Amino acid sequence: MDSKKTFIKYFVIVLVIIGGLGVLGKLQDRVANDDESDNGKSRNDFFEINNFMGGTKKEYNYKEFKGGIINCVMGGTEIDLTNAEIKSGASIDVFLMMGGAKIKVPKDWSVVLDTDNIMGDSKDHNAEDEDVAQDNGKVLKIKGTVLMGGLEVKRY
């Protein structure tokens, strides 16, 4: 019985360390957009969310959404992109470990889920709705890893 408790204790410690290394690896893969806006300043239609044992709720109203990064370890986030616009496609990289993410997108976006789920789940709730009219020019690709967590996409 005592060896079982010790094993569980070290297993959890190893999982937290692996998750932390995964987050650090994702942080090094940052994507920057140096496009210039109309007034000459650089525009960055890209978001990055990093949560460790915490949560965030954010709304983005980008005119030309490019993508984002979501890293949640034992935490969660809710992203609202219903007022954002896609010109030529966008991509969101996710790493969820014992955490979750809920992403709200407009009804006319096509969503492609390309996640590796390990004791976790990724769902596009409105994928089979007849009410959803998808535009092939507005494609949001969500890729990454969901480890003991959940990813949910809803259209509004």
How many nm separate the modelled label positions at Glu64 and Glu78, each set 7 Å beyond the Cα in the direction of the Cβ?
3.2 nm
Quick one: which of 45-51, 115-121, 97-103, 2-8 comes out on top by average Cβ neighbours within 10 Å, and what's the full order, highest first?
97-103, 45-51, 115-121, 2-8
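Listing Tyr60, Tyr10 from the residue with the fewest other Cβ atoms within 10 Å to the one with the most, what is the order?
Tyr10, Tyr60
No value in this document is a laboratory result; all are computed from the given coordinates. None of these values were measured; they are calculated from a predicted model. Quick reminder, even Gly has a Cβ in these numbers, built from the backbone with ideal geometry, and neighbours come from all protein chains shown.
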